[in-house]
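Worksheet: one structure, shown below.
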Amino acid sequence: MSQRVSVVIPTQRRPAGLNVAARSILTQQGVDASRLELVIVDNDQQPSAQAAVAALAAEAPFPVIYVHEPEPGVANARNAALAQATGELIAFLDDDEEAPPGWLAILLATQSNLNADVVFGPVRGRAPADVVRHRDYLETFFSRLGPQAAGLIDHYYGCGNSLLRRAALPDATAPFSALRNHVGGEDDLLFGQMKARGARFAWAADGFVWEDPVPTRLSLAYTIRRAFAYGQGPSAACAAATPPNHLGLVFWMAQGLIQAGVFGLLAAFKWLVRAPDFAFTLDRAARGLGKTFWWGPFKIEFYGRSAA
């Protein structure tokens, strides 16, 4: 590893999850610690994670940088971290994820072997043992699946569990759009811009991380709303393009209307007969509905809210 690597963990009032995520970086193997740093950005109005980060820094074999970004918003948090990070390569891990010891070495090797601008890896959702109802669906929902083998890909995934080359960013210090602070999708917007500029995307099939959702998210009430919000992504991206992609917007809205109708009826039937895969079908209906109803009052905000 000749290039400097910054691992970025954004966090907001998740001390237990942050501790698991950060300590999984402290135990990475196969990487040169002298070229590594950990950047933790605290997106709480109060610097609530500062003491915990200081304790981690005291035992880490590489620099641990604490960044306080009091202005709420997922894009604000990521941009604040990048402004302080010194690495030519930036790895992102969420504060509800845990990286196995060989994770970073796998992402770095994939980036080097394929000369990739961005590398994505799998995410394996895991639920506590007491979660029984819709367990398969919930673990799948919080997972990221992809090709069986590593290689170049022509599409992109989300920011959690990714490695990007700073020089390929359209803006090296603040690439994430503040317009997505509260609704998310700031990573989709960035990677879409990078794809339009010819960026090379790669998949590291063995570079997985675990994701441990907070208990309040392990329910259909949460995931179906989130699926609806995910569905809004392609339509909103077309509307936000410069100039707006009206043809693409019409396509996604029409596709979403058909998807919502077909899978909505199928989900109703599966609910009546108590089919075990009911939740999967309802999810697809919600994503279709999101493609059709993506604007103004239908926008769902999951991020960037300060404490009450």
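The values are calculated or read from the model by the stated rules, or taken from the named source; none is laboratory data. Computed from a predicted structure; not experimentally measured. Neighbour counts run over all protein chains shown; Cβ positions are idealised from the backbone, glycine included.
General remarks:
- For region 139-216, the strands (runs of 3 or more DSSP E) that sit wholly inside it and include 3 or more residues that are buried (at least 17 other Cβ atoms within 10 Å of the Cβ) are 162-165, 201-203, 209-211.
- Boolean, T242 is of a type outside the set (D, E, K, R) and in a loop (DSSP other than H, G, I, E, B): yes
- The one condition in (1) closer than 26 Å to A127 by Cβ; (2) assigned to a helix (DSSP H, G or I) that A254 fails to fulfil: (1)
- Filter pass, F92 being crowded, with 20+ Cβ neighbours inside 10 Å, over 22 Å from D32 (Cβ atoms) and either under 19 Å from the mean Cα position of the chain (by Cα) or not basic (K, R) (or both): no
- Test for D206: is it at pLDDT 95 or above and in the same structural domain as L164 (by TED's automatic domain parsing): yes
- Filter pass, A202 being in contact (Cβ under 8 Å) with a residue 60 or more places away in the chain and either among the acidic types (D, E) or farther than 23 Å from K299 by Cα (or both): yes
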